[in-house]
Amino acid sequence: MPNAYISGTGSYVPPRVVTNEDLRTEFGIDTSHEWIHKRTGIEERHFAADGVGTAELAEHATRAALESAGLEAHELDAIVLATLSPDYHFPGSGVLLQHRLGLSEGDNVKFVPALDVRNQCSGFLYSLSVANGWVRSGMYKQVLVVGAETHSHALDLTTRGRTVSSLFGDGAGAVVVSATEEDRGIRGIYLGSNGKFADALCQKIWDISRFPYVPLDEDGGGLVAPDMLWAHMEGRTVFRNAVQAMTGALMEACKACETTIADIDMFAFHQANMRINEYVAKMLELPAEKVPHNIHKYGNTTAATIPLLLDETRREGRLKDGMKVGLAAFGSGFTWGSAIIDW
Ligand code: UT7
């Protein structure tokens, strides 16, 4: 059975930087840098330009990951794309990415399967587990895994929405999961969910149990009330459960691959909130130098946070071949996951 390792990483954030102060001055939100920074560690985030969507962000990150892996797009065997902000309701953004990569027509046509994963902040880890299974089973040799989000176009950027909208940013991260006979790669993945909390962090938009699934005006146009249109979050419930689930998931992944937390050289945690990660680090007694973060620059980019962090730390020379890396994420669902990788 081949091993599955990460042969390349890439990331992309759109150029526009929005600081905490910009949320107040440009958008008129009753907030402050102090409030946001003290509770979350966030200083700024990036917002995509009007007309730019998730598949486009994903394409930039993918091209960088392919370059780092030394591959051309047509050498990929499959695409897994994690997002909670797909370009369309359907089809998923994975097929849009397949087309953008030039695989749908022309000289390099290749009708690779494209799978969208809808697991929000845990989306990257769920996607990684799919890629790992495909590669280790021998079904595919090169699987692209992307996390990409265009949050800013679906945030309530008013004082009403400030608890949610001050946390999120746009971006994309990608990795190539490749087959190898070497003794390295993804060692263990642990995933979980608890649907009891589905409503604690959600963006409903419609009610599919009703006809019509969104109320209509007299011309047949959709009318979505603010409580359905915008994301809802019970912040303290999310916080408490995140600390517990991420800590537990890391311990489970370690147990599954017969390693210990102390053996891990670097942790790449989902970047939802600096304070959540500080609690996890405290509970597991992790030294700060093993826990890099970049939430201060990007905010929460949901499915993109972990691949973005892996790419940044790899490019900075902090993440090196031979290191043992621990990943963990928690989010809407609730869903969570962890992975141990011999890089
Ligand atoms: O991947 C999962 C994503 N989600 C998370 O990770 C969220 C985890 N939770 C958290 O990080 C925290 O719960 C928050 C940072 C979201 C909120 O912090 P909190 O200390 O739990 O605040 P709160 O929601 O209890 O709100 C306290 C006050 C409220 O005002 P009143 O009702 O006491 O007058 C909020 O309206 O703070 C107000 N508030 C703000 N004030 C200024 C909420 N958001 C803001 C804001 N600026 N951006």
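Listing for the model above:
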| quantity | calculated |
| --- | --- |
| Failed item, numbered, when residue 188 is tested on (1) at pLDDT 95 or above; (2) within 30 Å of residue 138 (Cα to Cα); (3) away from the ligand (no atom under 15 Å from the Cβ) | (1) |
| All helices (runs of 4 or more DSSP H) inside the stretch 226-303 with 2 or more residues being farther than 24 Å from residue 174 by Cβ and in contact (Cβ under 8 Å) with a residue 40 or more places away in the chain | 226-229, 235-256, 274-283 |
| Qualifying residue in the stretch 231-242 (condition: aromatic (Phe, Trp, Tyr) and over 30 Å from residue 268 (Cβ atoms)) | no |
| Residue within the stretch 322-330 that is in contact (Cβ under 8 Å) with a residue 12 or more places away in the chain, part of a strand (DSSP E or B) and of a type in the set (D, E, K, R) present | yes |
| When residues of the stretch 165-181 are limited to those that are open to solvent by 20 Å² or more (accessible area, probe 1.4 Å) and not in a strand (DSSP E or B), the one nearest to residue 138 (Cα to Cα) | 181 |
| The stretch 297-327 - residue that is open to solvent by 10 Å² or more (accessible area, probe 1.4 Å) and small (Gly, Ala, Ser) and, of those, farthest from the ligand (Cβ to nearest atom) | 322 |
| The stretch 92-107, residues that are assigned to a loop (DSSP other than H, G, I, E, B) and within 18 Å of residue 65 (Cα to Cα) | 101, 102, 103 |
| Residue, farthest from residue 136 (Cα to Cα), within the stretch 191-204, restricted to residues that are open to solvent by less than 60 Å² (accessible area, probe 1.4 Å) and assigned to a helix (DSSP H, G or I) | 200 |
| Residues that are over 13 Å from the mean Cα position of the chain (by Cα), under 17 Å from residue 201 (Cβ atoms) and of a type outside the set (S, T, N, Q), drawn from the stretch 269-315 | 275, 276 |
| Flag for residue 120 being open to solvent by 10 Å² or more (accessible area, probe 1.4 Å), touching a strand residue (DSSP E or B) at 6+ places or on another chain (Cβ under 7 Å) and within 16 Å of the ligand (Cβ to nearest atom) | yes |
| Qualifying positions in the stretch 144-174 - more than 16 Å from the ligand (Cβ to nearest atom) and farther than 17 Å from residue 298 by Cβ | 144, 145 |
| Residues that are over 15 Å from residue 305 (Cβ atoms), part of a loop (DSSP other than H, G, I, E, B) and touching a Phe, Trp or Tyr at 6+ places or on another chain (Cβ under 8 Å), drawn from the stretch 125-162 | 140, 155, 156, 157, 158 |
| Filter pass, residue 111 being of a type outside the set (Gly, Ala, Ser) and within 16 Å of the ligand (Cβ to nearest atom) | no |
| Some residue of the stretch 26-41 being open to solvent by less than 10 Å² (accessible area, probe 1.4 Å) and not β-branched (Val, Ile, Thr) | yes |
| Residue count for the stretch 205-243, restricted to those that are surrounded by 10 or more Cβ atoms within 10 Å (Cβ to Cβ) and more than 13 Å from the ligand (Cβ to nearest atom) | 15 |
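Table: residues versus (1) hydroxyl-bearing (Ser, Thr, Tyr); (2) open to solvent by 40 Å² or more (accessible area, probe 1.4 Å); (3) outside the structural domain of residue 298 (by TED's automatic domain parsing).
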| position | (1), (2), (3) |
| --- | --- |
| 114 | no, no, yes |
| 129 | yes, no, yes |
| 135 | no, no, yes |
| 144 | no, no, yes |
| 153 | no, yes, yes |
| 157 | no, no, yes |
| 163 | yes, yes, yes |
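The values are calculated or read from the model by the stated rules, or taken from the named source; none is laboratory data. Quick caveat, the model's predicted, so the values are computed rather than measured. No Cβ is skipped: glycine too gets one built from the backbone with ideal geometry, and neighbour counts run over all protein chains shown. All accessible areas refer to the heavy atoms of the entire protein, side chains included, with ligands and DNA or RNA removed. Shrake-Rupley method; radii C 1.70, N 1.55, O 1.52, S 1.80 Å.
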